[in-house]
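Asker: Before we start, here is the structure in question, set down as structure tokens.
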Amino acid sequence: MTTSITARDAERMIRDGALLVDIRDSDEFARTHIPGALNIPLAKLDGLETGDRQILFHCRSGARTQGNATRLAQASGDAPCYIIEGGLDAWAKEGLPVAHDKSQPLEIMRQVQLLAGALIVTGVILGFLVAPAFFGLSAFVGAGLMMAGATGWCGLARLLRVMPWNRPALG
């Protein structure tokens, strides 16, 4: 079972020895994280060993941790398990320390959103100004986004992960 706590309560518990685990992907963690947090992406949580130490989980906004509360409780074993309400956003809003590394690339999903949006807008503009066939570009990207939502597999994200500007964060 998980219990939700505030960022201030989490800070106190960390000072008292609780383990802080950031469940976001490594590219998100590389750009912005709470100093001292351990990065274990949600997909790799199996086998987490905490002993009887209290464990605090967080993501960016709290949505991933809330949505996976049962899995987080299972991953923590017998250790007391907590979720930081509002995640990293709430932590920063409280004025607590956050490490930012602007030299790291934008998170992959933000890159997907930017590129997909640009391709859709380009397809629409070209469809009106050049030839209606360019509307197909927008349709293709939209279909790809629907497939990604339905299956959890995103071809654009896979492509962006191997781009040279993303290698430092993901290496």
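Asker: Starting from residues that are in contact with a Cys (Cβ under 9 Å, 6 or more places away or on another chain) and of a type in the set (A, V, I, L, M), keep the ones in the range 110-158 and report whichever is most open to solvent (accessible area, probe 1.4 Å).
Answerer: MET147
Asker: Then there is this: Among VAL98, VAL112, which is the only one that is of a type in the set (A, V, I, L, M), in contact with a Leu (Cβ under 8 Å, 6 or more places away or on another chain) and closer than 20 Å to ASP16 by Cα?
Answerer: Among VAL98, VAL112, only VAL98 is of a type in the set (A, V, I, L, M), in contact with a Leu (Cβ under 8 Å, 6 or more places away or on another chain) and closer than 20 Å to ASP16 by Cα.
Asker: Is one or more of the residues making up the range 71-94 surrounded by 21 or more Cβ atoms within 10 Å (Cβ to Cβ), part of a helix (DSSP H, G or I) and without any contact (Cβ under 8 Å) to a residue 60 or more places away in the chain?
Answerer: Yes; the residues of the range 71-94 include at least one that is surrounded by 21 or more Cβ atoms within 10 Å (Cβ to Cβ), part of a helix (DSSP H, G or I) and without any contact (Cβ under 8 Å) to a residue 60 or more places away in the chain.
Asker: Out of the residues in the range 1-43 meeting the condition of being of a type in the set (Lys, Arg) and more than 19 Å from the chain's Cα centre (by Cα), tell me which one is farthest from TRP91 (Cα to Cα).
Answerer: My answer is ARG15.
Asker: Can you tell me which residue among ARG24, ARG8 is surrounded by 17 or more Cβ atoms within 10 Å (Cβ to Cβ) and on the phi < 0 side of the Ramachandran plot?
Answerer: ARG24
Asker: Then there is this: Specify which of the listed residues (LEU137, LEU88, LEU106, LEU72) is under 23 Å from HIS33 (Cα atoms) and out of contact with any strand residue (DSSP E or B) (no Cβ under 7 Å at 6 or more places or on another chain).
Answerer: LEU106
The values are calculated or read from the model by the stated rules, or taken from the named source; none is laboratory data. Being a predicted model, the structure only gives us computed values, none of them experimental. With ideal geometry, Cβ positions are generated from the backbone for all residues, glycine too; neighbour counts draw on all protein chains shown. These accessible areas exclude ligands, DNA and RNA; they are computed on the full protein's heavy atoms, side chains included. Shrake-Rupley method; radii C 1.70, N 1.55, O 1.52, S 1.80 Å.
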